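Bear in mind that the values in this text are calculations on the coordinates, not laboratory data. What you are looking at is a predicted structure, and each value in this text was computed from that prediction instead of being measured. Using ideal geometry, Cβ is built from the backbone for each residue, glycine included, and neighbour counts are taken over all protein chains shown.
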Amino acid sequence: MLIESCCMKKEIQQGITVKKSENFSEWYTQTIIKSELADYTAVSGSIVYRPRSYSIWESIQKEVDKRLKKLGVQNAYFPLFIPEKYLMKEEDHVEGFSPEVAWVTHAGNSKLDERLAIRPTSETIMYPSYAKWIRSWKDLPLKLNQWNNVVRWEFKHAVPFLRGREFLWNEGHTVFAKRKEAEKEMKDIIKLWDSFCSDYLALPSLVGQKSEKEKFAGAEYTWSTEFLMPNGKAIQGPDAHFDGKNFAKAFDINFLDENGDKQLPYQNTWAISTRMLGVMFAVHGDDKGLVIPPKIATEKIVIVPILFKNKSEDVLKFSKEIFKKLRKFSAVFDDRTEYSAGWKFNEWELKGIPIRIEIGPRDVEKKQVVLVRRDTGEKEFVNISKVSERVTQLLDRIQSDMFERARKLLDNSIVSVSNISDLKREVDSKKFGKANWCGNPSCEENIKGETGAKSLNSEFDGKVTGKCFACELESKFVTYFGKSY
């Protein structure tokens, strides 16, 4: 076999050196960097999205954008810079974001007459335009979305993809004449987020309504998806906010209805961000590195010919024929001769390619290939006449199995609790607590002080009975609690 001593050194350096279950933070950092997903920069909290991660983000954009267009949403783009007078127009909104805002104060050596905020979110730069464009009920609904970057400067600890000062996302900003139309879209959007994360990222979530304390600044209410991370913490995923008439009042957005009467419209905002890359990498990865769900994987299979002296020509020829058959799966053909087959196996496992195809001299003789699942490591021999069909079946199976494993992990991590002591015990054991809750902000503050956990969200149709688990008030919600990012 073609092996060089330098390859052995590279193989040792390449692999993950800690176990995910023993040191999740270090495992995550090594996996992100060594699999070539991201790199750090000179700006604290800002990362490089390397091609391997950015291509997955492009796939997310493509699929989500297709679904949004079916809902009648159009794409647009608004400026990165927001005049200070605009940002200050909605009191609750600016209070929620003011600690995170980065400001531009100078152009060259000249001080600006008015500070410009670098967008933490775009309500305040978009809605002055909405106020100009919307005049009549015939101008509604207005459904705009933009794919962009935002900057939020305040945080305690940066984690690549999960929490940073600059990240990528979409911003949906929609306007409706009637409340029921806006709330219908809220249902459509939260269903879109849940189905996309389940179907494509193989990630189950808790779907429900955020508490008054945790809702989006400026919204009447917020619906969210919440995900369980391997360290037992929760992290919020894509969400949707019913803003009611709050921003319409602040930005003087109004219209004449069918009777010629002046009305304020109802608005929604919603988003999915690159945070979901980090959630997906963290939940599915193992001690060897990444495990990428097939539907979202840029490269779904890798073909690795196993080369021996005097037999490599036949193996390479056979492998190229297989590669041509499987190009539709975005196949990678790894015919590098400066690395051993074992080293290449480790590299592609680290990068999470769903299926590896091994081809050696005996496989050429038998007209077969070896298929290896990344998620389980299971191997099977497949005749070349059936390889395309089997790869299709196996990709579907891997996708569904990955979701089921994640779903079982989430289900097994939810424990019903009846008092604060129970909740503290469960969250300290890296689980979520589920309880009947009053929803009172002061009660939530007390829960967090006693347990370190906060409310994640509340079930839409939870069966509420009796007193709040944490105080003597009547319960209003069935709520999930957990420590979170």
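What the table shows:
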item	result
Packing-based order for 205-218, 72-85, using average beta carbon neighbours within 10 Å, highest first	205-218, 72-85
Extension gain from residue 180 to residue 40, taking 0.36 nm per residue of separation minus the Cα-Cα distance	45.8 nm
Cα gyration tensor shape of segment 279-330, rounded if a/c is under 1.5, else prolate or oblate by comparing a/b with b/c	oblate
Using a Förster distance of 30 Å, the FRET efficiency for residue 362-residue 328 (Cβ separation, nearest 0.05)	0.65
Proxy reagent accessibility, fewest Cβ within 10 Å first, across 392, 274	392, 274
Residue (of 442, 77, 264) at the positive-pole extreme of the chain, dipole from beta-carbon charges	77
Farthest toward positive dipole pole in segment 134-229 [+1 Lys/Arg, -1 Asp/Glu at C-beta], among 153, 216, 169	216
Least to most buried among 199, 243 (fewest other Cβ within 10 Å first)	199, 243
Shape call, segment 30-148: gyration tensor on alpha carbons, a/c limit 1.5	oblate
Hull volume in cubic angstrom per residue (convex hull over the Cα atoms of segment 254-294)	99
Average Cα contact separation per residue, the chain, under 8 Å, 6 or more apart, as relative contact order %	15
Simple label model, 7 Å out from Cα along Cβ direction - residue 188 to residue 414, nm	2.7
Helix-only mean residue ellipticity at 222 nm for the chain, each DSSP H run of n ≥ 4 adding -39500 (n - 2.57), per residue, nearest 500	-11000 deg cm²/dmol
Set of lysines near residue 66 by C-alpha distance (under 16 Å), chain-local residues within fewer than 8 positions excluded	143, 191, 295
For the chain, with +1 on Lys and Arg beta carbons and -1 on Asp and Glu, the positive-most of 387, 125, 54 along the dipole	387
Rounded if a/c under 1.5, otherwise prolate or oblate - segment 305-399, Cα gyration tensor axes	oblate
Highest to lowest packing among 41-54, 162-175, scored as the average C-beta count within 10 Å	162-175, 41-54
Segment 137-221 - charge dipole about Cα centre, Lys and Arg +1 at Cβ, Asp and Glu -1, debye rounded to 20	160
Cβ-derived FRET efficiency at R0 51 Å, residue 84 paired with residue 258, nearest 0.05	0.85
Approximate spin-label separation residue 199-residue 231, in nm, with each point projected 7 Å along Cα-to-Cβ	3.3
Approximate spin-label separation residue 442-residue 388, in nm, with each point projected 7 Å along Cα-to-Cβ	7.0
Check: the chain dipole with +1 on Lys, Arg Cβ and -1 on Asp, Glu Cβ, in debye	1300
Fully extended contour minus Cα-Cα distance, from residue 378 to residue 21, at 0.36 nm per residue	126.3 nm
Full-stretch length increase - residue 132, residue 62 - with 0.36 nm per residue and alpha-carbon distance subtracted	22.1 nm
Amide H contacts under 5 Å for residue 225, placed H, 5+ residues apart	237
